[in-house]
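Remarks on the structure that follows.
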Amino acid sequence: MKYVYITLIVLMAASVDANNSLTDQQISAERSVLNDLLNEDHITRFDYNQRIAMLDHLELSQKINNSKESQVKLGPGGTASISGTVQAEGINQSDVTLALYRPVPGGSEVVGYGMSGSAGEFTIDDLAAGDYFLIIQARDDDFINAIWSATGTEACVNCQQDPANSNNIITLTDAETRIGVDMNLTVGATISGDVTASGSPVINISVLIREAGSQDFHGFGTTDTNGNYTAKGLPAGDYNAYIQDFGDDYVDAIWSTSGTEVCINCQPDADN
């Protein structure tokens with residue numbers, strides 16, 4: 001696993017909440033603001049998609065972390081279930097968050113979350129008959145995002161089921177107990193660093209990690225009380241690190257080998 005440490009220095013002091021989370025109301029409000037900004041052409045579809053992906057990561061992590069149970073069920077109830085084991089390089093992995101979705105016209109919707117137990121085992125039950133797909137893309141684990149497939153676990157970015165790929169679909173009938181829905185994960189690389197403004201740590205700000213070239217969103221790290229952040233589970237490749245959020249008090253910035261660069265509608269060049 002590759003580990004990289006970088007520092008970002010941002011401009012303009014701010015008063016921010018040290019609590020490294022958002023409430024459901026805050027997430028809902030931010031989604032609403034994003035929709036308004038997109039509809040009024042104040043942000044690009046690209047920026048909208050990146051921010052929505054970030055909120056999805058947050059929401060998934062917080063729902064499972066706030067639950068005292070091994071699963072959270074959101075969809076219509078039923079009598080079917082799925083179960084399996086989460087491994088990485090042949091070793092059972094505990095405390096890994098799984099998200100179960102079902103395809104719907106125009107996209108997908110989450111119907112439940114599960115967390116692997118001490119032996120890597122998981123179960124998501126009380127499911128209605130129908131089609132589902134299973135992904136692992138929590139921002140706080142060490143693994144590259146993945147989606148279950150009948151031909152073997154597939155790595156993915158901002159994972160969604162491809163309608164042209166039926167191998168990702170888990171079809172359940174009433175009262176079916178589907179076993180062997182196993183996930184074999186790959187440990188990814190890590191980028192970490194610190195964020196400061198005027199020499200002081202910046203708390204609770206998100207550093208976005210995008211793939212160089214495509215600028216696909218691969219995750220983010222949120223700073224702690226010391227201004228430190230970590231983004232984990234990254235596939236091998238080249239990345240750019242940004243602070244670019246209309247909701248904070250700082251000038252947008254991108255990490256550079258020559259020092260943090262202020263930018264507007266940040267676009268990387270060779271030294272980023």
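The values are calculated or read from the model by the stated rules, or taken from the named source; none is laboratory data. Predicted, not measured: the structure shown is a model, and the values here were computed from it. As a convention, Cβ positions derive from the backbone with ideal geometry for all residues, glycine included, and neighbour counts pool all protein chains shown. Heads up: the accessible areas ignore ligands, DNA and RNA and are worked out on the full protein's heavy atoms, side chains in. Shrake-Rupley method; radii C 1.70, N 1.55, O 1.52, S 1.80 Å.
For the stretch 181-194, the Karplus equation 6.51 cos²θ - 1.76 cosθ + 1.60, evaluated at θ = phi - 60°, returns couplings of 8, 8, 10, 10, 9, 10, 5, x, 7, 10, 10, 9, x, 9 Hz by residue, with Gly and Pro reported as x. For the stretch 83-100, putting each phi into the Karplus relation 6.51 cos²θ - 1.76 cosθ + 1.60 with θ = phi - 60° gives couplings of 8, x, 10, 9, 10, 9, 6, x, 10, 4, 10, 8, 6, 9, 7, 10, 10, 9 Hz, in residue order, rounded to whole numbers and with x for Gly and Pro.
Under the Kirkwood approximation for Rh and a Cα-based Rg, what ratio Rg/Rh is obtained for the stretch 77-144?
A ratio of 1.00.
The distance from the alpha carbon centre of the stretch 187-209 to that of the stretch 102-171 is 29 Å, rounded to a whole number.
Here the relative contact order of the stretch 150-272, from alpha carbon pairs under 8 Å that lie six or more residues apart, stands at 19 percent.
Using a probe of 1.4 angstrom, how much of the accessible area of the stretch 97-163 is carbon and sulfur, in percent?
Details: 1230 of 2560 Å².
With neighbouring chains kept in place, the figure for the stretch 97-163 is 48 percent.
Near Cys263, the amide H atoms lying under 5 Å from its own belong to Asp252, Ala253, Ile254; only residues 5 or more places off or on other chains count, and H is placed 1.01 Å from N. Computed from label points 7 Å out along Cα-Cβ, the spacing between Ile264 and Ser118 is 5.8 nm. With contacts taken as Cα pairs under 8 Å at a separation of at least 6 residues, the stretch 148-203 carries a relative contact order of 33 percent.
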